[in-house]
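Just below is one structure, and these are the notes that go with it.
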Amino acid sequence: MRSHYCGDVRSEHIDETVTLCGWVDRRRDHGGVIFLDMRDREGVVQVVFDPDTQEHFERANKVRSEYVLKVTGRVRARFEGTVNPGMKTGEIEVLGKELEILNVAATPPFPLEDKNVGEDIRLKYRYVDLRRQEMQDKLRLRAKITSAIRSSLEGNGFLDIETPILTRATPEGARDYLVPSRTHEGKFFALPQSPQLFKQLLMVSGFDRYYQIAKCFRDEDLRADRQPEFTQIDIEASFVDQESIMSLTEEMICDLFKSVLGVELGSIPRMPFAEAMARFGSDKPDMRIPLELVDVDDLMRQVDFKVFNGPASDPKGRVAALKVPGGASISRKLIDGYTKFVSIYGAKGLAWIKVNELAKGIEGLQSPIIKFMPDEIVLQLMERLDVADGDIVFFGADKAKIVNEALGALRCKLGEDLDLYTAEWAPLWVVDFPMFEETDSGWTSLHHPFTAPACSPEELIANPGEALSIAYDMVLNGCELGGGSIRIHDQEMQKTVFKVLGISDEEAEEKFGFLLDALQFGAPPHGGLAFGLDRIVMLMTGSESIRDVIAFPKTQSAGCLMTKAPGEVSSQQLRELSIKLREEEKAGE
């Protein structure tokens, strides 16, 4: 139907006849001449109708915003003084000769140029929201990113292989979405949280380089960077070690940023997990922010103030300080706001000291807590933190987990509020993760139970709390782009990990028997990594939420405002699946 996209018409097409199809972006009537801005995915072009073509002029007079048109006309240069340098097509216009209204449109639920429309309205009418140039640009960039990734991986010998969507529940750290089976009464499939086990089985099968742009599903509480269904770039390779898989994926990401954004990320530094937690309180630190946590446990053990002394003396506690250069100007009202902010992470308060005039010693400090501490300890604190006039120091004192999360989050908030960023992009590899973390119910995997430990089975059993894994995460601007590990390829080691996790032989056989069987038939050393595609696109487009880079996302409550999913199903469907709802049970009682 069309000869050109609206946004592709240029000055080199002058005097050519073109046929365009698209939507009416705007209609203007200027003294008997009608101007229609026509829009499609490539952009906007101005079409002019004058009374010389009476039939089509009268038709143009009837069109309104978002009508769908087909227009044929001659490309001509705009008159002097009417060139629009802000448009790709701003040097030309199309003199309309024929106009066909392909479809009319009701008044849109919101103006496309309005940037303050509530997200609930945007998601309810997503098909209209996606017409906005901003959304078109983001999804086009997403397509460009996936194309570049496929090209990079296939150029390195990776094969695109699909894995099942209907599988069985496995412990991946979040709740599964379950799918009842009609043909196996009382049994359920699960939607995959990742293709983890299948890609390992592909390695056993001899497909030594696999990738997939895979849909994954997790029934978990949602945030700005989470969705119940998301897309990951799944990668696995055989006969690799940690260095080779990290090098390969680092090159892919660096090439991606260079080709799509023209950004040189450079060589990505590495940092052990323990160092990241000690210095930044996070295993995904935002390296653009030049603030660090400093341990002061040894000094706080010497004070009688229980708020500090208790955590400092607790083997599982921590007292840390966060110096903010120039932060003494932060008002008491803002400090109260930051105190409320850290309470989200379990902190019971936020102690602080302002450095007004260091040369005056204690007299030059301002704080509600220094009266509870010996002067010499306070001065030693100031010396250790290397403070200067105009600085403020915040303190966290509690269980180490709470201090890390609270001060780690405060560090990022201060970086944003005070505009402390030192770079636009700051990538980082975090390595040497603990194999397990301890909970009230025992040991759990920090990554997943198929991650290879960096020790022998005997050492793992003897001291699981000290065991490190051969795992690695790539972080960018405080956001985890992706994570991976070298996998367990030895059956005995896999059984040992299950044992540490409290998974009995019977449970392991019932849930993972197929994997354990496969590992005894010549499984090669292998490892991989999965990147969150939605997060990569979110960062590269400067979006605040991954919902802005997914065509049809869910809300934070995991619902779809447009289709009203999830929805009810008929009683007949439930009977076929041998399912009875609790409400039905109560009604029948």
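Each value in this text was obtained by applying a stated rule to the coordinates, not by laboratory testing. Being a predicted model, the structure only gives us computed values, none of them experimental. So basically every Cβ, Gly included, is an ideal-geometry build from the backbone, and we count neighbours across all protein chains shown.
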TODO: For Asp255, put the label point 7 Å out on the Cα→Cβ axis and report which residues of the range 137-178 keep their amide N under 12 Å from it.
DONE: 148-158
Open item on the list: I'd like the FRET efficiency for Ser456 and Phe207, computed as 1/(1 + (r/R0)^6) with the beta carbon distance as r and R0 of 35 Å, rounded to 0.05.
Closed with: 0.75
TODO: With everything on Cα atoms, drop me the angle between helix 375-385 and the longest principal axis of the chain, reported from 0 to 90° to the nearest 10.
DONE: 50 degrees
Task: Stokes-Einstein D in µm²/s, Kirkwood radius over Cα pairs - the range 154-246 at 37 °C with 0.692 mPa s viscosity - done: 223 µm²/s
Task: Cα long-axis angle, helix 505-519 against the chain (0 to 90 degrees, to the nearest 10) - done: 60 degrees
TODO: Could you calculate the contour length gain from Arg78 to Thr183, that is, 0.36 nm times the residue separation minus the distance between their Cα atoms, to one decimal place in nm?
DONE: 31.1 nm
TODO: Let me know the whole percent of all Cα-Cα pairs from the chain that are separated by more than 47 Å.
DONE: 32 percent
Task: Simple label model, 7 Å out from Cα along Cβ direction - Lys401 to Leu141, nm - done: 3.7 nm
Task: Residues Lys413 and Ile362, FRET efficiency given R0 of 51 Å [Cβ-Cβ distance, rounded to 0.05] - done: 0.95
TODO: Set Lys and Arg Cβ to +1 and Asp and Glu Cβ to -1, take the dipole of the chain about its Cα centre, and tell me which of Tyr345, Val569, Thr82 lies farthest positive.
DONE: Thr82
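What order, most packed first, do the peptides 76-83, 503-510 have when packing is the mean number of other Cβ atoms within 10 Å of each residue?
My ranking of the peptides, most packed first, is 503-510, 76-83.
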TODO: Return the whole-Å distance between the Cα centroid of the range 284-303 and the Cα centroid of the range 227-258.
DONE: 32 Å
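Quick one: putting +1 on the C-beta of Lys and Arg, -1 on the C-beta of Asp and Glu, what dipole do you get for the range 11-103 around its Cα centre, in Debye to the nearest 20? List each step's numbers first, then the result.
Working: 14 positive and 18 negative charges, 65 e Å.
So the dipole magnitude of the range 11-103 works out to roughly 320 debye.
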Task: Scattering profile of the range 116-167 at q = 0.20, 0.26, 0.30, 0.31 Å⁻¹ [log10 I(q)/I(0), Debye over alpha-carbon scatterers] - done: -0.79, -0.94, -1.08, -1.11
Open item on the list: I need the phi-derived Karplus couplings for the range 201-209: 6.51 cos²θ - 1.76 cosθ + 1.60, θ = phi - 60°, integer Hz, Gly and Pro marked x.
Closed with: 5, 5, 5, 4, 6, x, 7, 7, 9
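In what sequence, highest mean first, do 524-537, 550-563 appear when ranked by Cβ atoms within 10 angstrom? Let's see the in-between values first.
Numbers: 524-537: 22.6, 550-563: 15.4.
Highest to lowest by the protection proxy: 524-537, 550-563.
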Open item on the list: Using the basic label-point model (7 angstrom from Cα toward the beta carbon), what is the Glu583 to Asp52 distance in nanometres?
Closed with: 6.6 nm
- [ ] Would you mind putting 110-122, 238-250, 87-99 in packing order, based on average other-beta-carbon counts within 10 Å, highest first?
- [x] 87-99, 238-250, 110-122
Task: Ser282 long-range amide H proximity, modeled H, under 5 Å - done: Met277
Task: Helix 400-417 vs. the chain, principal-axis angle (Cα, 0 to 90°, nearest 10) - done: 40 degrees
TODO: Give, rounded to the nearest 20 debye, the magnitude of the charge dipole that the chain has about its Cα centre when Lys and Arg contribute +1 at Cβ and Asp and Glu contribute -1 at Cβ.
DONE: 1780 debye
- [ ] May I ask for the distance between the Cα centers of the range 143-158 and the range 1-40, given as a whole number of Å?
- [x] 35 Å
Open item on the list: Given Cα positions, please report Rg to Rh for the range 464-589, the hydrodynamic radius being the Kirkwood one.
Closed with: 1.12
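Could you work out Rg/(2.2 N^0.38 Å) for the range 12-112, with Rg from alpha carbons only?
Working: Rg = 12.9 Å, N = 101, 2.2 N^0.38 = 12.7 Å.
Dividing the Cα radius of gyration by 2.2 N^0.38 Å gives 1.01.
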Open item on the list: Which three numbers, in whole Å and largest first, are the semi-axes of the equivalent ellipsoid of the range 346-444 derived from its Cα gyration tensor as √(5λ)?
Closed with: 31, 21, 12
Open item on the list: Can you tell me the length gained on complete extension of the stretch Leu334 to Asn463, counting 0.36 nm per residue apart and subtracting the Cα distance?
Closed with: 41.9 nm
- [ ] Kindly state, as a whole number, the per residue volume in cubic angstrom of the convex hull around the alpha carbon atoms of the range 273-351.
- [x] 122 Å³
TODO: Go ahead and run the numbers for FRET between Gln133 and Glu154, Cβ-Cβ distance against an R0 of 35 Å, rounding to 0.05.
DONE: 0.65
Task: Whole-Å distance, taken between Cα centres, linking the range 358-375 and the range 52-105 - done: 73 Å
Task: Farthest positive-ward along the range 289-422 dipole, Cα basis, beta-carbon charges - from Gly327, Ala359, Val403 - done: Val403
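Based only on other Cβ atoms within 10 Å, what is the fewest-to-most ordering of Glu292, Glu492? Walk me through the numbers on the way to the answer.
On the way: Glu292 15, Glu492 12.
The order, fewest Cβ neighbours first, is Glu492, Glu292.
Using alpha carbons only, what's the Rg to Rh ratio of the range 289-422 with Rh from Kirkwood? Walk me through the numbers before you get to the answer.
On the way: Rg = 13.8 Å, Rh = 14.8 Å.
Value, to two decimals: 0.93.
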- [ ] Extending each Cα 7 Å along its Cβ direction at Asp505 and Asp221, get the distance between those two points in nm, one decimal.
- [x] 4.0 nm
Open item on the list: What are the ³J(HN,Hα) couplings of the range 351-357, residue after residue, when phi is run through the Karplus curve with 6.51, -1.76, 1.60 and θ = phi - 60°? Round to Hz, x for glycine and proline.
Closed with: 6, 7, 9, 9, 9, 8, 8
Open item on the list: Taking θ = phi - 60°, what integer Hz values does the Karplus form 6.51 cos²θ - 1.76 cosθ + 1.60 yield along the range 282-296, in sequence order, with x for Gly and Pro?
Closed with: 8, 8, 9, x, 7, 7, 6, 9, x, 10, 9, 7, 10, 6, 10
